[in-house]
Each structure stands twice: as C-alpha cells, then as structure tokens.
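Below you'll find the structure, written out as structure tokens, and then a few comments.
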Amino acid sequence: MMTKGRMEAFSDGVFAVIITIMVLEMKSPQGTGLAALQPLLPVFLSYVLSFVYVGIYWNNHHHLLQAAKHVTGGILWANLHLLFWVSLTPFVTAWMGENHFAPWPVALYGVVLLFAGTAYFFLTKALIAHHGTDSTLAASIGNDTKGRLSIVVYAAAIPMSFVQPWIACACYVMVAVMWLLPDPRIEKTIGQ
C-alpha cells in the first residue's frame, strides 16, 4: 500500500502553479488613471471566479485526503485526471476574460468545469472503492448530492452559454458558492 503523502504534496504543488499562472496571465494596463482598469474588469472577474474554483478544489481535495489512509496506482491516475482538467483553468480563464464573456469562451470554461467536477467525482469513487463502503471516507461523502448536482448544473450551463452567457456564468458562480465551504461531514466524521 502506498502512503498518500506524495500524492498530496504533488497535488498541492500543481494547485499552486495553476494559481501562479493565472495571476501572471493578468497584464497591467497601459494608462495610469483608474479609467485604464475598466477594460480589464472582465479579465479580473474571470480570474476571481477561477481563483475561487482552484481554491475550492484544493480545499476539498485536502479534506478528501484527510479521510483517506492510503492510495493505489488507480487512485494516483484518478488524481492526475482531476489535476489535468484543473490545470486547463488558466487557459479558459484568460480566453473568457479577454473576450468579455463571449459565448464560446464561456462554454469552454463550462466544459473544463464539467470535466474537472466529473474527475473529482471519479476520484472520490476510487478512494471509496479502495477504502470500503463502510470506511470513514464513504460515510463522510455519503451519496455526494452536491457533486452530482454540480455536474448537472455545468452540463446545463454549457448550451446556455450560446443563449445568454451571463446565465451560464451565474450557474458557475452558483456552484462555486455551493462548494465554498468544504463538506463538514468529512471533518465531523474524522473528529468522531
């Protein structure tokens, strides 16, 4: 059995690099007045949303691994699957912000969120399958209603991007708000 420490350390490093890349994508304005910042507002808003999402994944990933005791090769691959989709966040963030929330960039942003959410769901299932359905991890995750609902909202928001991009963005914000606080069941179950 492999310990989870290396997976946690690697994942933390990837999350840190993703946030660093996102902030480096933000270019400073050419002017010196406050009016020079106005065209950058969509870039800043997309950065804030993505920063929150990466923070949510990092925080919930940490809580998820707190409940895990060890990992397998399959779990490592499931984790890499998640990190792959989250690593695309800087690209879709920049495209969406620089194009002022145009339909295609908003839709692709949703596709990345959908696949990252699906990958996180698979990671939880792989961990539960390894630790058992009677494990602390399984008890703390439960039926994962929040995870399933997130995937449904992302899937609905993607086509909505071509009708009203702001509605799709509102859906992305709604899911982020839903996940802002890590699942208290994990902390509660571990604390018992």
Quick check for you: with a 1.4 Å probe and neighbouring chains kept, what is the accessible area per residue of the chain, in Å²?
52
Given the options V54, V177, V92, state which has the largest fluctuation in a GNM of the chain using a 10 Å cut-off (strictly under) for Cα springs.
V177
With a 1.4 Å probe and every protein chain kept in, tell me what percent of the accessible surface of segment 45-192 is carbon plus sulfur.
72
Can you give the extra length, in nm with one decimal, that the chain gains between H62 and Q30 once fully stretched, where that is 0.36 nm per residue apart less the Cα-Cα distance?
7.6 nm
Per-residue HN-Hα couplings for segment 148-160, Karplus 6.51 cos²θ - 1.76 cosθ + 1.60 at θ = phi - 60°, whole Hz, x for Gly and Pro?
5, 4, 4, 4, 5, 5, 4, 4, 6, 6, 4, x, 5
Nearest-0.05 FRET efficiency for R148 and V17, computed from C-beta distance (R0 25 Å)
0.30
Note down the relative contact order for segment 1-148 as a percent, whole number, built from C-alpha pairs under 8 angstrom at least six residues apart.
30
Classified through the alpha carbon gyration tensor (a ≥ b ≥ c as square roots of its eigenvalues; rounded if a/c is under 1.5, else prolate when a/b is larger than b/c, else oblate), segment 1-118 comes out prolate
Just to confirm my numbers, what's the Cα centroid distance between segment 1-56 and segment 98-134 in Å?
18
Where is the GNM fluctuation largest for the chain (alpha-carbon springs, 10 angstrom cutoff): G55, G73, G117?
G73
Exposure rank, largest accessible area first [L41, L108, L113; 1.4 Å]
L41, L108, L113
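Please tell me the relative contact order of segment 83-127 in percent, rounded to the nearest whole number, where contacts are Cα pairs under 8 Å and at least six residues apart.
45
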Helix-only mean residue ellipticity at 222 nm, the chain, DSSP H runs n ≥ 4 weighted -39,500 (n - 2.57), per residue, nearest 500. What is it?
-25500 deg cm²/dmol
Taking the full set of protein chains and a 1.4 angstrom probe, give the accessible area of T93 in square angstrom, rounded to the nearest 10.
10
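The values are calculated or read from the model by the stated rules, or taken from the named source; none is laboratory data. Note that the structure is predicted; figures quoted are calculated from it, not measured. With ideal geometry, Cβ positions are generated from the backbone for all residues, glycine too; neighbour counts draw on all protein chains shown. Please note that ligands, DNA and RNA were not included when accessible areas were found on the heavy atoms of the full protein model with its side chains. Shrake-Rupley method; radii C 1.70, N 1.55, O 1.52, S 1.80 Å.
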